[in-house]
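Asks: Handing you this structure, nothing more for now.
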Amino acid sequence: MTALKKYARLETTGLWLPRPGEQRREVVVSFGEASLVLSDLATGLALTHWSLAALQRRNPGEKVAVYSPGPEDDAELIEISEPAMIEAIETVRSAITRRRPRRGRLRFITTGVVAAGVLLAGIFWLPDALVAHTTRVVPFVKRQQIGTSLLKEMTRFTGAPCASREGLAALDRLTTRLFGSGAVQVVILREGLAEGGSANLPGRFLLVDHRLIENYDTPEVLAGHLLAEKLRTDLSDPLARVLKGSGLTPTVTLLATGDLPAGTLRKQAAEQLQAPPVSLTDEELLAEFSRAQVSVTAYALSLDPTATATRGLIEKDPVPPARARALMPDAEWLALQNVCSR
């Protein structure tokens, strides 16, 4: 402590009372290492050490200062009349008092720590917990409404979805073959998605780029992207993704009113078009293609024509192309390839 260094060489005399009833005795009073040292006047031998941190003054404000070694010990006393020594002791005692933790300050600090913990929980835990709760309670009909609203907002970027009657009829038969009747609703977009891309929306909407149809000779590539996208919706709830991107307030609004704000829908429409796809492992993909009895090779080559990154899929194809059955008649595939002609 700076104060101790400043007064390290300060000494004076004082009258020491070792215990009640004894004769007071003149001693040398000096600063020690964090203590007040009382020494024999004749021999210089230390008689006792009093901790500066525990030192108590028994007569504040009086000219001759009386000190005891602690708050509970008023039997042993020292009287000091030297003003410089009294000033030094009081300076050190004040510095120690300021550094000592206070009950009120400790309570304030504890309260602050607890409040900060609650705030951090609100920042990092509450949004995820609220999203998880909301996705559990929002019914499928509301999910479809949200997906439809997002799709409507997306038309500002994508144009109207492809809607040839014959093409949509062929598409419906293909999706029934892959997933069963009414399991998903596939929307073919003219633009907005990355080339060869796909996406999904709440309400079991699967979005695919028209080039997945027009640029390939057979439906296996389209089927593969649909299987992969449906798998993503099974592994990662599309509504949860939308709510996490929207923030806390829109999520609370949906929970309270049953609707997302229009501004949130517009913002999320743009973000969902460009959102990176959820990663899928080879094992997950192979299991899904095996379930649907669809060859994975055409899909793998559409992702990487060199087959460098998708070699594992091709080598473990559960339905090798030579043994795969046609997914749809050529006439239906031709109609599907013209789904964007109107």
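Asks: Kindly indicate whether any position in the range 269-282 is at pLDDT below 95, touching a Pro at 6+ places or on another chain (Cβ under 8 Å) and among the β-branched types (Val, Ile, Thr).
Replies: No, the conditions are met nowhere in the range 269-282.
Asks: Filtering the range 327-342 down to residues that are out of contact with any helix residue (DSSP H, G or I) (no Cβ under 6 Å at 6 or more places or on another chain), among the hydrophobic types (A, V, I, L, M, F, W, C) and touching a residue at least 12 places away in the same chain (Cβ under 8 Å), which residue is farthest from Val186 (Cα to Cα)?
Replies: Looking at residues that are out of contact with any helix residue (DSSP H, G or I) (no Cβ under 6 Å at 6 or more places or on another chain), among the hydrophobic types (A, V, I, L, M, F, W, C) and touching a residue at least 12 places away in the same chain (Cβ under 8 Å), I get Trp333.
Asks: For the range 287-316, enumerate the residues that are touching a Phe, Trp or Tyr at 6+ places or on another chain (Cβ under 8 Å), open to solvent by 20 Å² or more (accessible area, probe 1.4 Å) and part of a loop (DSSP other than H, G, I, E, B).
Replies: Correct list: empty.
Asks: Which ones in the range 170-183 are open to solvent by less than 50 Å² (accessible area, probe 1.4 Å) and at pLDDT 95 or above?
Replies: Step one: list which residues in the range 170-183 are open to solvent by less than 50 Å² (accessible area, probe 1.4 Å), which gives 170-171, 174-175, 178-180, 183.
Correct list: Ala170, Leu171, Leu174, Thr175, Leu178, Phe179.
Asks: Filter the range 317-342 down to residues that are of a type in the set (S, T, N, Q) and surrounded by fewer than 18 Cβ atoms within 10 Å (Cβ to Cβ) and give me whichever is farthest from Pro161 (Cα to Cα). Before you say what the answer is, go through the steps one by one.
Replies: Of the residues in the range 317-342, the ones of a type in the set (S, T, N, Q) are 337-338, 341.
Filter again for surrounded by fewer than 18 Cβ atoms within 10 Å (Cβ to Cβ), leaving 338, 341.
Details: Asn338: 13, Ser341: 11 Å.
So, considering only residues that are of a type in the set (S, T, N, Q) and surrounded by fewer than 18 Cβ atoms within 10 Å (Cβ to Cβ), the one farthest from Pro161 (Cα to Cα) is Asn338.
Asks: Going by the conditions given, is Gln293 at pLDDT 95 or above and either within 22 Å of the chain's Cα centre (by Cα) or under 24 Å from Thr176 (Cα atoms) (or both)? Give the derivation first.
Replies: Working: at pLDDT 95 or above: yes; either within 22 Å of the chain's Cα centre (by Cα) or under 24 Å from Thr176 (Cα atoms) (or both): yes.
Yes; evaluated as a whole, the condition is true for this residue.
Asks: So, in the range 186-229, exactly how many residues are open to solvent by less than 10 Å² (accessible area, probe 1.4 Å), over 29 Å from the mean Cα position of the chain (by Cα), more than 19 Å from Met328 (Cα to Cα) and not hydrophobic (A, V, I, L, M, F, W, C)?
Replies: Of the residues in the range 186-229, 1 are open to solvent by less than 10 Å² (accessible area, probe 1.4 Å), over 29 Å from the mean Cα position of the chain (by Cα), more than 19 Å from Met328 (Cα to Cα) and not hydrophobic (A, V, I, L, M, F, W, C).
Asks: Still on this structure, I have one more. Conditions: (1) among the hydroxyl-bearing types (Ser, Thr, Tyr); (2) assigned to a loop (DSSP other than H, G, I, E, B); (3) open to solvent by 50 Å² or more (accessible area, probe 1.4 Å). Thr249 meets all but one. Number of the miss?
Replies: (2)
Asks: Considering (1) within 22 Å of Ala326 (Cβ to Cβ); (2) without any contact (Cβ under 8 Å) to a residue 40 or more places away in the chain; (3) out of contact with any Ser or Thr (no Cβ under 9 Å at 6 or more places or on another chain), say which one Leu227 fails and leave the rest.
Replies: (2)
The values are calculated or read from the model by the stated rules, or taken from the named source; none is laboratory data. Fair warning: this is a prediction, and the values are worked out from it, not measured in the lab. Every residue, glycine among them, receives a Cβ derived from its backbone with ideal geometry; neighbour counts consider all protein chains shown. These accessible areas exclude ligands, DNA and RNA; they are computed on the full protein's heavy atoms, side chains included. Shrake-Rupley method; radii C 1.70, N 1.55, O 1.52, S 1.80 Å.
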